[in-house]
Amino acid sequence: MTKEWTPRIVAFFCNWCTYTAADLAGVSRLKYASNVRVIRLMCSGRVDPQFVLEALAKGADGVLIGGCHPGDCHYVEGNYKMLRRFELLKRLLADMGIEERRVRLEWISAAEGEKVKTVINEMTEQIKKLGPLGMPQKFETWDKEIEHLAVEVQARDAAQGPCPTRAAQLKPMEAVHA
Amino acid sequence: MSAKKEELRIGFYVCHCGHNIAAMVDCAVVARYVETLPGVALSRDYKYMCSDPGQELIQQDIREHRLNRVVVASCSPLLHEHTFRGAVEAGGLNPFYFHMVNIREHDSWVHTDRGEATEKAKALARAAIQRVAHHKALEIKKVEIHPDVLVVGGGIAGIHAAMTLANAGKKVYLVEREPSIGGHMAKFDKTFPTLDCAACILTPKMSEVGSHPNITLWTYSEVTKVDGFVGNYTVQVKRKARYVNEDLCTGCQDCISHCVFKEPKFADDFNEGLGKRKPIFIPFPQATPQAVLIDPEVCLNFKRNKNPDGSPVVGDKCKKTCVEACGEKHAIDFTQKDTLQEVKVGSIIVCTGFKTYDAGRSPAYGYGNYKNVYTALEVERLVNASGPTGGEVILREGKNADGSPKTPKSIGIIHCVGSRDKKTNLWCSRVCCMYSMKLAHLLREHTGAEMYNFYIDMRTPGKGYEEFYNKLLEEGTHFIRGRVGEVTDWAMTPEEEGRLVIRVEDTLAGVVRRIPVDMVVLATGLEPQADAGEVRRLFNMSCGGDGWFLERHPKLAPVSTFTDGVFLAGCCQGPKDIPDTVAQAGAAAAEALVLIDKGYIEQEPNTAHILEDECSGCKSCIPLCPYTAILFDEGRKKAYINEALCKGCGTCVGSCPSASIVQNLFDDQEIFSEIEGVLAYD
Ligand SMILES: Cc1cc2nc3c(=O)[nH]c(=O)nc-3n(C[C@H](O)[C@H](O)[C@H](O)COP(=O)(O)OP(=O)(O)OC[C@H]3O[C@@H](n4cnc5c(N)ncnc54)[C@H](O)[C@@H]3O)c2cc1C
Ligand code: FES
């Protein structure tokens, strides 16, 4: 990578409010950071936590979810259902050591083109401050370490028979988490 | 059917959209990049993809290059997805083997760096290429349209929409909140710019609505619940008790003259509180329906306490001379209760109108403080022959030497009250300049007073409007340009004594002026109804930031909303005059007719279904569905979806722990590949 790093943000916008608001931002020729790539879903309720994890795993530095304001969901309350899942997801991310601020949920109505601009700019700035998440690279190093470990264990097994203690195995793993 | 095993042959098209896209995105670079992606058989950039030649290009390529998937990168799918699906279908491919990439609204229009915008377009295109590989052939479902229509609000918009539909032979339910239809227009004496009598053009329409065999008119009623979707709405309407049986009342009004209250005593809303009415009343002479009603708050036959259901307790204190006067007709019924009625309709037209700005919010103009400061609506009633004074313009305060009520000798009309102001409402209310001039003309005609109009800018964009302005100039109305600073009764000269002084900076003359007048009229602007928020939710519409209901597209779908089958007309969508309101109402009726006459709508096949083998029977999806489309087969211990009820939100799909629910067009695989695609750039 020769280019200067800039955040990669994946956004999931519901068709009826937030996606339309982003269209409005376009029609109004508002200008905002180009870091966000929007994926259209019919409703924010469709956002599977796995989408967020997948995006982070595949190299996103942040994920933005946009839905209709509470009470305004085109499908009555898909956004509330999402909100519940989102709270759980945030805990999960915290457990994984991923900063909460990398994942953001915003209610943006079809009329709020301005808000699309503000949220995207804010989020881009915030993630710039947090720096790259670099999950794919982390996966790579982890894979390498595990591979390395496997080789080491095999070598030891060959030399002195099956593994004597658990502790011996755990040590290199801790290094991974550090 | 064997598409899966078939070799992928994707056709990719990137649209320049004239300069709209090409100015910020290097389309040729995007096309060349996409050409290198796996599965892509052909990649082109073209000036206008949505044009006929653009669409033909797709069709031709499908045939000549045996394409089995198509991706177009251009504007928003909300604008042209339908167009391109049509082209793909015309080329002989299932229309759902198509995906659209938004590189205009979401890219070229919002970014300023050509390099970045091009990179983004590449990433989005790549995502679509990866996604479309997983697309499946789908079939469009047809849903029947119920031919009846609900019209909400009986102002001129609702009246015109209802009449248009009814004359086309469609059944209409017209629901109006007030006891009579007519809306604001019913309060006016004359209408600009032609000065034709409002009642003469409106009341015949009102009575036609009242007697039309195809219109069910429910006044004093409100919609309380809306279920369903385009073509099949179930609507619950609350009909408030008027304590008079509408079908039996002939509108003879004998009851009113025989009421135990000899004189009208209670503030009359229709006359903006300038007149009085009795507890039993008819809102105005031409009210439709021609039926009286009783106000239980002040009628002596009702007690002041309420039954557990909220209805007032019927007492026995009054002599009920009204009932006596009604006689044989037996129209009066003190035991009437609010009732709920349910109707089925296929489409809905919302025409709930506006309210006027509360003049009290601009204290500098003295409304409520000085008695002779009026709102425009009050003056509409004052100059009205059937108004509280019979059309005589007499002041609230001040008497002539002989004790008779005083008529004003000079009148100031302040334009733009509450409009075009950061502190109140930003928008121009569009009708105030015109109605201020109308009132100037009428007030002068009625009183011979000297007229002063204070305006910020004169806005007369309409047929015959500028001519009307010229007419007023010729009449000798004084037009003073400047935002009025204040209205005060603090006299500085003997001439100002006992009068109201309008203090204004005359921006044309460049001086601050004090103009003493006897009467001040505030041209209050138009605002969304106080309950616009609730009404919007009821019908699943959106509001703009200013609170007016939002049309689907400001130019191309001005009477549609984001909910299929729900249309808008009149001032609920934004301030406008009567000609524009009527035009919009006709357009909304035409949109409803399109639905009805087609007889069915095509539904996006984005419904969900359950993979039976994968379903663990955990039932967690069942309570998530707002349409109760998910059922449980107790025998097999599996959930299943009634696709006729599914609206395609995907909420169940997103939460199924065993990933056993699939949503067409938004399948997990499709989205995962899109995620991977948008991130695969360097
Ligand atoms: C002082 C003044 C003077 C004007 N003079 C002129 C003029 O001379 N010429 C001209 O062209 N225009 C004039 N206008 C503009 C004109 O009033 C509007 O263009 C017109 O009234 C708009 O009609 P509408 O049906 O959209 O709304 P409205 O007239 O506001 O009618 C809306 C109706 O819906 C009903 N309603 C509201 N909410 C609900 C609900 N939830 N359920 C059921 N019913 C509901 C209301 O009770 C009302 O009857 C004037 C406006 C003002 C304020
Ligand atoms: S449709 Fe926007 S959140 Fe449900």
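The values are calculated or read from the model by the stated rules, or taken from the named source; none is laboratory data. Quick caveat: nothing in here was measured; it's all calculated off a predicted structure. Positions of Cβ are generated from backbone atoms using ideal geometry, with glycine treated the same way; all protein chains shown enter the neighbour counts. Heads up: the accessible areas ignore ligands, DNA and RNA and are worked out on the full protein's heavy atoms, side chains in. Shrake-Rupley method; radii C 1.70, N 1.55, O 1.52, S 1.80 Å.
Just a few scattered comments:
- B:L426 paired with B:E643, simple spin-label distance in nm, labels 7 Å along Cα-to-beta-carbon: 4.6
- Residue (of B:Y469, B:G525, B:A359) at the positive-pole extreme of chain B, dipole from beta-carbon charges: B:A359
- Cα gyration tensor, the range A:9-132 - rounded (a/c under 1.5), prolate or oblate: oblate
- Considering only beta bridges that DSSP places wholly inside the protein assembly as shown, some 45 percent are antiparallel.
- Only helical runs count toward this figure. For the protein assembly as shown, summing -39,500 (n - 2.57) over DSSP H runs of n ≥ 4 and dividing by all residues gives -9500 deg cm²/dmol at 222 nm.
- Pairs of lysines in the range B:388-542 (C-alpha under 18 Å apart; 8 or more residues apart or interchain): 5
- The range B:612-626 - phi-based ³J(HN,Hα) in whole Hz, Karplus 6.51/-1.76/1.60, Gly and Pro as x: 4, 5, 8, 5, 8, x, 6, 6, 5, 6, 4, x, 6, 7, x
- Across q = 0.14, 0.24 Å⁻¹, the range B:317-419 modelled as identical point scatterers on its alpha-carbon atoms has Debye log10 I(q)/I(0) values of -0.87, -1.35, in the order of the q list.
- Taking amide hydrogens as placed 1.01 Å from N in the peptide plane, the amide H of B:C543 sits under 5 Å from those of B:L550, each at least 5 positions away in sequence or on another chain.
- Per residue accessible area in Å² of chain B, where ligands, DNA and RNA are left out and the probe is 1.4 Å: 43
- Computed 3J(HN,Hα) for the range B:374-390, one whole-Hz value per residue from the Karplus formula 6.51 cos²θ - 1.76 cosθ + 1.60 where θ = phi - 60°, is 10, 8, 4, 5, 4, 5, 3, 6, 5, 8, 8, 4, 9, x, x, 10, x, glycine and proline marked x.
- Calculated from backbone phi, Karplus (6.51, -1.76, 1.60) coupling profile of the range B:258-265 in Hz, x at Gly/Pro: 8, 4, 4, 6, 5, 10, x, 10
- For B:H553, the residues whose amide H sits under 5 Å from its own are B:S560, ignoring neighbours fewer than 5 places away on the same chain, with H placed 1.01 Å from N.
- Carbon + sulfur, % of accessible area of the range B:207-361 - ligands and nucleic acids excluded, 1.4 Å: 50
- Here's the list of lysines a cross-link from B:K317 could span, going by alpha-carbon distance under 24 Å and ignoring same-chain residues fewer than 8 apart: B:K240, B:K262, B:K265, B:K276, B:K278, B:K303, B:K306, B:K329, B:K337.
- Cross-link partners for A:K3 among the aspartates and glutamates, with Cα-Cα distance under 19 Å and sequence neighbours closer than 8 places in the same chain left out: A:D61, A:E125, B:D113, B:E116, B:E119, B:D682.
- Mean Cβ neighbour count within 10 Å, used as a protection proxy, ranking B:508-519, B:339-350 highest first: B:339-350, B:508-519
- Cα gyration tensor shape of chain B, rounded if a/c is under 1.5, else prolate or oblate by comparing a/b with b/c: oblate
- Given R0 = 45 Å, the distance between the Cβ atoms of A:Q160 and B:F632 translates into a calculated FRET efficiency of 0.20.
- Site pair B:K276 and B:A509 shows an inter-label distance of 4.3 nm when each label is modelled 7 Å from Cα along Cα→Cβ.
- Selected from B:L679, B:G390, B:I601, residue furthest toward positive end of dipole (chain B; charges at beta carbon): B:G390
- Whether the range B:355-527 is rounded, prolate or oblate, judged on the alpha carbon gyration tensor where a/c under 1.5 counts as rounded: rounded
- Contact surface B-A: accessible area buried, both sides summed, square angstrom, 1.4 angstrom probe: 4500
- With protein chains left intact and a 1.4 Å probe, residues in chain A average 49 Å² of accessible area per residue.
- Among the GluC sites (Glu not before Pro) in the range B:1-99, those placed in a DSSP loop whose Cβ has at most 13 other Cβ atoms within 10 Å are B:E6, B:E7.
- The alpha-carbon of B:K598 sits under 13 angstrom from the alpha-carbons of these aspartates and glutamates, leaving out residues fewer than 8 places away in its chain: B:E144.
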